[in-house]
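Notes to accompany the following structure.
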Ligand SMILES: [Zn+2]
């Protein structure tokens with residue numbers, strides 16, 4: 001990127017609750033944020049193209065912390081479906097029959113929608129059958145993504161067409177990791193679907209090859225009571241205890257949902273600090289429950305918000321899900337939304353090196369057309385995708401046009 005200076009910006013850097021820099025200047029060079037100056041200082045020592053934002057709001061791009069792009073187009077759950085019945089009767093039957101061209105087209109369309117609403121980071125879990133297809137869509141749209149590749153070997157739970165040996169999973173993972181080793185947008189990770197999908201032999205193999213598999217192992221955990229019962233049937237323990245036994249619980253493990261934790265499981269997660277993700281509208285429809293997100297955040301466990309998929313979420317956009325979270329958790333938006341956004345920003349920073357506006361972080365920014373009097377109130381209550389003017393990722397335009 002060319003050197004760029006944004007002056008007279010209202011910056012919400014996501015460094016702490018309520019943090020806001022008014023009439024600030026931001027200088028970017030070599031794809032990084034190099035300097036941020038307080039009110040009045042225009043960083044005259046740095047040269048480069050200057051854009052006067054005249055008080056417009058600047059935030060980091062947002063993180064959709066859990067999503068399956070390939071599931072767009074899968075039949076949505078009926079009102080009486082719980083997670084396990086939907087997986088068995090719908091997803092596991094329809095997934096092997098999906099058409100690659102349709103998956104690619106849907107993924108492109110959904111990614112463009114995310115970019116348009118200020119999402120710059122995705123944490124994905126994608127079908128092993130369509131992994132290549134989805135990664136190609138991510139690559140062409142240049143959205144920063146951690147793309148988990150589904151795996152599982154338990155044919156008691158999974159149909160043959162979706163299962164593979166742990167050796168094959170490792171081989172595929174290493175192939176993609178090598179292929180995208182210099183790509184600054186795509187990160188590759190392993191994602192066992194959920195514990196009932198893997199046998200003890202698979203987990204043993206994972207444990208013995210963890211240095212090759214890691215980091216950022218993703219696995220759905222405690223999404224419904226039915227899933228927990230299935231896990232106990234295969235592994236004879238509560239899910240988080242199974243992961244802990246195999247040495248798979250640490251600060252680079254990502255656990256979507258985690259709705260039902262026993263006291264013992266909660267104590268272990270509080271100690272090991274894996275990342276949890278929450279998808280409130282999906283959880284409500286497939287499990288009739290909601291994760292105690294505020295409790296998790298208060299105990300220092302990172303929690304990110306994710307839509308899960310357009311087959312299961314009731315929300316069309318990230319912002320709708322954000323507002324739904326506060327409603328479902330019965331907490332005021334002004335309390336919960338800043339906390340979940342800050343936690344999400346920290347997750348994005350750890351994975352992608354952006355998501356927080358600070359010196360040295362990636363030149364990733366969302367610039368809005370609005371000039372709110374109270375920026376945090378605007379973000380918590382009024383932010384709509386249409387207000388996004390442009391977004392930069394790695395200093396390049398990811399959405400909109402930079403107005404010079
Ligand atoms: Zn999911």
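The values are calculated or read from the model by the stated rules, or taken from the named source; none is laboratory data. Source: prediction; values computed, not measured. Cβ coordinates were reconstructed from backbone atoms using ideal geometry, including for glycine residues, and neighbour counts include every protein chain displayed.
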(message) If I filter the stretch 82-103 down to residues being in contact (Cβ under 8 Å) with a residue 40 or more places away in the chain and in contact with a helix residue (DSSP H, G or I) (Cβ under 7 Å, 6 or more places away or on another chain), which single residue comes out as farthest from the ligand (Cβ to nearest atom)?
(response) 96
(request) Give the residue that is surrounded by the fewest Cβ atoms within 10 Å (Cβ to Cβ), with candidates limited to residues of the stretch 351-386 that are over 30 Å from residue 214 (Cβ atoms) and without any contact (Cβ under 8 Å) to a residue 24 or more places away in the chain. (result) 373
(message) For a quick check of your reading: which helices (runs of 4 or more DSSP H) sit entirely within the stretch 59-155 and have at least 3 residues that are over 15 Å from the mean Cα position of the chain (by Cα) and farther than 24 Å from residue 257 by Cα?
(response) 100-116, 131-141
(message) Just the residues that are under 13 Å from residue 83 (Cβ atoms) and surrounded by fewer than 19 Cβ atoms within 10 Å (Cβ to Cβ), please, taken from the stretch 188-229.
(response) 225, 226, 229
(message) What are the pairs with Cβ atoms under 7 angstrom where one residue, in the stretch 52-71, is on the phi > 0 side of the Ramachandran plot and the other, located anywhere, is away from the ligand (no atom under 11 Å from the Cβ)? Sequence gap at least six, or different chains.
(response) 54/8; 55/8; 55/10; 55/371
(message) With buried (at least 18 other Cβ atoms within 10 Å of the Cβ) and assigned by TED's automatic domain parsing to the domain that holds residue 375 as the only criterion, which of 9, 39 stands out?
(response) 9
(request) Report yes if residue 174 is more than 23 Å from residue 67 (Cβ to Cβ), in the same structural domain as residue 118 (by TED's automatic domain parsing) and more than 19 Å from the chain's Cα centre (by Cα), otherwise no. (result) yes
(message) Can you list the helices (runs of 4 or more DSSP H) lying wholly within the stretch 206-315 that have 3 or more residues being more than 15 Å from the ligand (Cβ to nearest atom), touching a helix residue (DSSP H, G or I) at 6+ places or on another chain (Cβ under 9 Å) and modelled with pLDDT of 95 or more?
(response) 225-235, 239-245, 263-272, 293-298
(message) Of everything in the stretch 12-36, what is surrounded by 20 or more Cβ atoms within 10 Å (Cβ to Cβ) and without any contact (Cβ under 8 Å) to a residue 40 or more places away in the chain? Give them in sequence order.
(response) 21, 24, 25, 27
(message) under 20 Å from residue 66 (Cβ atoms) and either surrounded by 21 or more Cβ atoms within 10 Å (Cβ to Cβ) or more than 21 Å from the chain's Cα centre (by Cα) (or both): is that true of residue 166 in this structure?
(response) no
